[in-house]
Amino acid sequence: MVDAGTSGEAVQLGGTEWVLTSIGGASPVAGSSITVRFDQGNASGSAGCNQYRGPFTVAGESLTFGMIAATKRACAESERNAQETAYLDALSRVASYRVAAGRLVLQESAGRTLLEYSRN
């Protein structure tokens, strides 16, 4: 599946993996690793404490995630727990994406950036 990002370059999300660099404009909690991998219509990765998986749909610059299922391990630190909750909530609000200079940016319908990643 090849899609066009707003940078004008062809972007293939399928088979790519990304590491979170910003959530709501802030850096992730130190020591946490949040990832997303796009593969055959499913997105999966680490939400910081738990693993998650769910379908995604791409149409042009539009990107949406379906119902996300996650394991239910408790995080040892409340800050990481809060970050994981915010991350999974942000995924549910994604409406579009763009890729430029090796970065994946996920935005809500109003155009506000929710999540930013670098290529893993």
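Quick look at the values:
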quantity: Label point at Arg103 placed 7 Å out along Cα→Cβ; residues across the stretch 35-55 whose backbone nitrogen lies under 18 Å; calculated: 35-36
quantity: Top positive-direction residue, dipole computed over the chain with Cβ charges, set Ser96, Gln40, Ser78; calculated: Ser78
quantity: Carbon and sulfur %, accessible surface of the chain computed with the full protein complex present, 1.4 Å; calculated: 49 percent
quantity: Under-5 Å amide H pairs with Ala43, H placed in peptide plane, nonlocal only; calculated: Gly54, Phe56
quantity: Residues with amide H under 5 Å from that of Val94, placed H, sequence gap 5 or more; calculated: Phe65
quantity: Under the Karplus curve 6.51 cos²θ - 1.76 cosθ + 1.60, θ = phi - 60°, whole-Hz ³J(HN,Hα) for the stretch 49-59, x wherever Gly or Pro sits; calculated: 10, 10, 8, 9, 7, x, x, 9, 10, 10, 9
quantity: Mean projected area in nm² (Cα convex hull; one quarter of hull surface) for the chain; calculated: 6.7 nm²
quantity: 0 to 90° range, to nearest 10: angle between helix 78-93 axis and the chain longest Cα axis; calculated: 30 degrees
quantity: The stretch 57-120: equivalent-ellipsoid semi-axes (sqrt of 5 x gyration tensor eigenvalues, Cα, Å); calculated: 24, 14, 11
quantity: Rounded accessible area per residue of the chain, 1.4 Å, Å²; calculated: 50 Å²
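The values are calculated or read from the model by the stated rules, or taken from the named source; none is laboratory data. Just so we're clear, the structure is a prediction, and the values are computed from it rather than from any experiment. Quick reminder, even Gly has a Cβ in these numbers, built from the backbone with ideal geometry, and neighbours come from all protein chains shown. Just so you know, the surface numbers come from the protein's heavy atoms only, side chains and all, with ligands and any DNA or RNA stripped out. Shrake-Rupley method; radii C 1.70, N 1.55, O 1.52, S 1.80 Å.
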